[in-house]
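Chemist: Before anything else, here's the structure in question.
The values are calculated or read from the model by the stated rules, or taken from the named source; none is laboratory data. Treat the numbers as computed from the prediction; the structure is a model and nothing was measured. For neighbour counting, all protein chains shown are included, and Cβ atoms are generated from backbone atoms with ideal geometry for every residue, glycine included.
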Amino acid sequence: MEIMAKVAFCVYTIVILGGSILAVSSSSLVRALVGLIATLVGVSGMYMLLATPFLAFMQILIYVGAVSVLIFFAVMLTRAESGGDEAKSAPMRTYVYGLAATLAPAAILGWLILTKPVASVAIPVEVTIKELGAGLLGSYFLPFELISVILMVAMAGAVLLTWEKRGKK
């Protein structure tokens, strides 16, 4: 059984890395979104390996389902004009800055983990879904609702921008 877990971990890691590379390197926004979806599905698989099916389901439902569809509609409703910044090739300096921006946080976090290890709990606390729901909708009710309002406003803004552009043509 341990071999299967290691194989599943490797498969999910490849899906996450492949999806993230596709999301970052693609010139098409739709292909980048497909890469993002693949990455999020791989993260959901990692949650399954951690024996947290509720988090895996929420990852699929919220991020792969709702947020990805919202991003897809926003991309489809707001078209980039041809000949914009996407048409120009980026200088090598841009890639170096991007690599530095990626490696700097990784180096800092790695140094912190190696020099100041956190005392771990031997047995994790078991939290039921009922307790989790009460915690989310109790003290975190306002942030939970604000996120949905922000997503709705973003979608309404994309529709409004598209409507104004089509009205001018």
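Chemist: Find the residue count for segment 135-166, including only residues that are more than 16 Å from Val75 (Cβ to Cβ), of a type in the set (S, T, N, Q) and assigned to a helix (DSSP H, G or I).
Modeler: Going through segment 135-166 one residue at a time, the tally reaches 1.
Every residue, every condition in (1) in contact with a Gly (Cβ under 6 Å, 6 or more places away or on another chain); (2) closer than 30 Å to Leu160 by Cα; (3) surrounded by 15 or more Cβ atoms within 10 Å (Cβ to Cβ), yes or no:
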position	(1), (2), (3)
Val7	no, no, no
Leu36	no, yes, yes
Ser44	no, no, yes
Tyr47	no, no, yes
Leu61	no, yes, no
Ala74	no, yes, yes
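Chemist: Also: Find the residue count for segment 46-60, including only residues that are within 17 Å of the chain's Cα centre (by Cα) and of a type in the set (Gly, Ala, Ser).
Modeler: Looking only at that region, the number is 1.
Chemist: So Ser44 fits all but one of (1) touching a residue at least 24 places away in the same chain (Cβ under 8 Å); (2) among the small types (Gly, Ala, Ser); (3) in a helix (DSSP H, G or I); what number is the exception?
Modeler: In the conditions (1) touching a residue at least 24 places away in the same chain (Cβ under 8 Å); (2) among the small types (Gly, Ala, Ser); (3) in a helix (DSSP H, G or I), Ser44 misses (1) alone.
Chemist: Still on this structure, I have one more. Give me a count of the residues in segment 84-97 that are assigned to a helix (DSSP H, G or I), modelled with pLDDT under 80, among the charged types (D, E, K, R) and loosely packed, with under 11 Cβ neighbours inside 10 Å.
Modeler: Going through segment 84-97 one residue at a time, the tally reaches 1.
Chemist: Output the residues belonging to segment 108-119 that are surrounded by 10 or more Cβ atoms within 10 Å (Cβ to Cβ) and of a type in the set (Gly, Ala, Ser).
Modeler: Selection gives Gly110 alone.
Chemist: Which count do you get for residues in segment 149-165 that are modelled with pLDDT of 80 or more and of a type outside the set (A, V, I, L, M)?
Modeler: Count: 0.
Chemist: Now a separate question. Has segment 67-83 got at least one residue that is outside any helix (DSSP H, G or I), of a type in the set (Lys, Arg), at pLDDT below 90 and more than 25 Å from Ile129 (Cα to Cα)?
Modeler: Checking segment 67-83: at least one residue is outside any helix (DSSP H, G or I), of a type in the set (Lys, Arg), at pLDDT below 90 and more than 25 Å from Ile129 (Cα to Cα).
Chemist: Sticking with this structure for a sec: Which ones in segment 120-137 are surrounded by fewer than 10 Cβ atoms within 10 Å (Cβ to Cβ) and at pLDDT 75 or above?
Modeler: Val125, Glu126, Thr128, Ile129, Lys130
Chemist: Now a separate question. Out of Ser68, Ser20, Ser44, Ser27, which single residue is in contact with a Leu (Cβ under 7 Å, 6 or more places away or on another chain) and of a type in the set (S, T, N, Q)?
Modeler: One residue alone meets the criteria, Ser68.
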